[in-house]
Amino acid sequence: MIQTIPTTPIDGQKPGTSGLRKKTAIFRQKHYLENFVQSIWDGIGGVAGKVLVLGGDGRAFNREAVQTILKMAAASGAAKVIVGQDGLLSTPAASNLIRIRQADGGVILSASHNPGGDDGDFGVKFNTANGGPAPEGVTNAIFDASTRITEFHIMDAPDLDLGTVGDVQLGQMVVEVVDPVADYAALMEKLFDFTAIRALFNSGFTLRFDAMHAITGPYAREILVNRLGAPAESVMNAVPLPDFGGGHPDPNPVWAHELMGIMMGENAPDFGAASDGDGDRNMIVGRGAYVTPSDSLAVIAANAHLAPGYAQGLAGVARSMPTSAALDRVAEARGLPCYATPTGWKFFGNLLDAGRATLCGEESAGTGSDHVREKDGLWAVLMWLNILAAKRQSVAEVMAAHWAEFGRNYYSRHDYEGVDAAAAETLMDDLRARLDKLAGEAAGPLTVTTAEDFSYTDPVDGSVTTRQGLQIMFDGGARLVLRLSGTGTEGATLRVYMESFSGERFDQDPQAALADVIAAAEALAGIKARLGRDAPDVVT
Ligand code: G16
């Protein structure tokens, strides 16, 4: 039976950089999830007769939310929902399913790299028919609907058994339960040279992949162990847990410290990698050699042709504005168009759909291509394995050769997490107000050459996005970017991105190489005093 339940708008249901993210306890509040899901349906013009994909990263509240969303889709007349077994799907696998099944869109349940569990975070995001995160026009319509909602519709029905692959009926709607891994693994096998990677493993090459107790465990086991022949112990923390084992499933040197310890220790494997809560981020690390996401993107751009799926070459490349310009150097050398977009994978969608870019990436540990419309953690790992299998070099050797050819963009991001939101806003507003007058001014040891509040005009649909970060260039080519994160759930997070280039010295510690930019950032923004912090919480 379809029930229509009266409700009232709930404040703050505005999607951020990547969907709506809140504390799990907030999502569990009465009507919170239902209001937002109904707002999605209303914001996209209803779901009657439509086919949707549904799944999440398995964090706390995933199971309950999947059942609620199925009943709400059925009540609003959806024709079919394709759902991952047990309600699980990695973000890239969901994107792939939307595309190959020509679905009208999908709902992905995840707060990505944010911790999960009853005290952690939960999230809901809507992806459109191209498989990518909803663009701003759509998220604005969803938010708008959330401010006007008066009722939602839901089937009064028992929970479905999602443990068995196959079709189940929910009222008039078909629920198709699918293996979450199979289609994704098949896609990877098409893109990469599995024979060469298998031969690499057979030659004694060793790997450690850290699934961080998140969604990629089953995917990594199937692809790396079952299909590519890596030993079972190559995949660690492989069982997804609702609280990620109490960890913070963010693949960076701080949160993936267990893996970093192994990779920097004696008898380290040849190659290490990690992915995040929902499987779209990646960290790449060789024996004793951490690769920054920006460098990884540049290396992939320079070598993607070694993988069969990219043997034709790249149409173009794209990075988010705060990501280092290492990619631009490769693009220039290879004559490729190179785009700089605002932070958020959704901004790559049009470039990928229009065939203007084949490869995209972000400093925030995201890399991907036009094979789906999300960044893709395991894809990046397989791309690296394919490159190493073709070159038969160590990660450190690949990096050394890359820098020798293109020079090195030293790069680091300093995060001040959970700071007072008003103080962070004021810091940004004050600096923004001074941007016009900064050119020619001294900033610590450096002098400002240009300063702007980054805005982006999408070259495909002409849409304009403003206030996407303060970008300050210095004499000598160094660069500083400040912006507030759009994915946090507590207070504000200030991100300070710093970059400088050297064509000669490739062996410096990045923090030392960037010392002048770090000093300039402090001189310009007074971060420590204004935020009451001595040091950043995370340094990438
Ligand atoms: C999301 C977005 C990324 C973005 C990242 C960080 O990633 O998809 O494009 O770079 O958040 O955003 P912010 O700096 O605003 O916190 P994910 O992996 O969290 O979905």
Practice item. Highest first, please rank the peptides 318-329, 349-360 by the mean number of other Cβ atoms sitting within 10 Å of their residues. Key: 318-329, 349-360
Check your understanding: Got a sec? Charge dipole of the chain, +1 on Cβ for Lys and Arg, -1 for Asp and Glu; which of THR150, ASN237, PRO115 is way out at the positive end?
Key -> THR150
Check your understanding: By how many nm would the segment from ILE100 to GLN3 grow when fully extended, if each residue of separation counts as 0.36 nm and the alpha-carbon distance is taken off?
Key -> 31.6 nm
Review point. Taking the alpha-carbon centroid of each part, what is the distance from the stretch 195-247 to the stretch 465-517 in angstrom?
Key: 33 Å
Study note, to complete from the structure: From the Cα centre of the stretch 255-290 to that of the stretch 373-410, the distance in Å is 14 Å
Check your understanding: R0 = 56 Å: FRET efficiency of GLN511 with ALA157, Cβ-based, nearest 0.05?
Key -> 0.50
Exercise for review: Assign unit charges at the C-beta atoms only (+1 for Lys and Arg, -1 for Asp and Glu), then state the dipole size of the stretch 408-539 relative to its Cα centre in Debye, rounded to the nearest 20.
Suggested key: 120 debye
Exercise for review: Could you let me know the centre-to-centre spacing of the stretch 526-540 and the stretch 117-133, using Cα atoms, in angstrom?
Suggested key: 29 Å
Review point. Going 7 Å from the Cα of ALA439 in the Cα-to-Cβ direction, what parts of the stretch 456-490 have a backbone nitrogen less than 16 Å from that spot?
Key: 471-477
Check your understanding: Once a ≥ b ≥ c are taken as the square roots of the eigenvalues of the Cα gyration tensor of the stretch 408-539, is the result rounded (a/c under 1.5), prolate (a/b larger than b/c) or oblate (a/b not larger than b/c)?
Key -> rounded
**Study point:** Residues GLU64 and ALA333, FRET efficiency given R0 of 51 Å [Cβ-Cβ distance, rounded to 0.05]
**Key:** 0.50
Check your understanding: Considering only DSSP beta bridges with both partners in the chain, what is the antiparallel share in %, to the nearest 5?
Key -> 70 percent
Check your understanding: What order do you get for SER455, SER296 when you list them from fewest to most C-beta neighbours inside 10 Å?
Key -> SER455, SER296
Review point. Contour minus end-to-end for ALA354 and SER463, with contour as 0.36 nm per residue of separation and end-to-end as the Cα-Cα distance?
Key: 37.8 nm
Review point. Taking +1 at the Cβ of each Lys and Arg and -1 at the Cβ of each Asp and Glu, which of THR24, ILE100, GLY137 sits farthest along the dipole of the stretch 2-179 towards its positive end, judged by Cα position relative to the Cα centre?
Key: GLY137
Study note, to complete from the structure: Dividing the mean separation of Cα pairs under 8 Å (6+ apart) by the residue count of the chain yields a relative contact order in percent of 13 percent
**Study point:** Cα→Cβ-extended label distance, 7 Å offset, between THR164 and THR206, nm
**Key:** 4.4 nm
Review point. Ranked by Cβ crowding within 10 angstrom, fewest neighbours first, how are THR426, THR343, THR8 ordered?
Key: THR8, THR426, THR343
Check your understanding: In 10 Å bins starting at 0, how do the alpha-carbon pair distances of the stretch 272-318 split up by percent?
Key -> 23, 44, 31, 1
Exercise for review: Rank the residues GLU34, GLU362 as a footprinting-exposure proxy: fewest other Cβ atoms within 10 Å of their Cβ go first.
Suggested key: GLU34, GLU362
Review point. Normalised by the residues of the stretch 184-406, what does the relative contact order come to in percent, with Cα pairs under 8 Å and at least six apart?
Key: 21 percent
Check your understanding: Among 183-189, 333-339, 383-389, what's the highest-first ranking by average C-beta atoms within 10 angstrom per residue?
Key -> 383-389, 183-189, 333-339
Review point. Can you give the percent of C-alpha pairs in the chain whose distance is more than 40 Å?
Key: 21 percent
Check your understanding: To the nearest 20 debye, what is the magnitude of the charge dipole of the chain about its Cα centre, counting +1 on the Cβ of each Lys and Arg and -1 on the Cβ of each Asp and Glu?
Key -> 640 debye
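No value in this document is a laboratory result; all are computed from the given coordinates. Keep in mind the model is a prediction, meaning the values are calculated, not measured. Here Cβ is always computed from backbone atoms with ideal geometry, including for glycine, and neighbour counts include all displayed protein chains.
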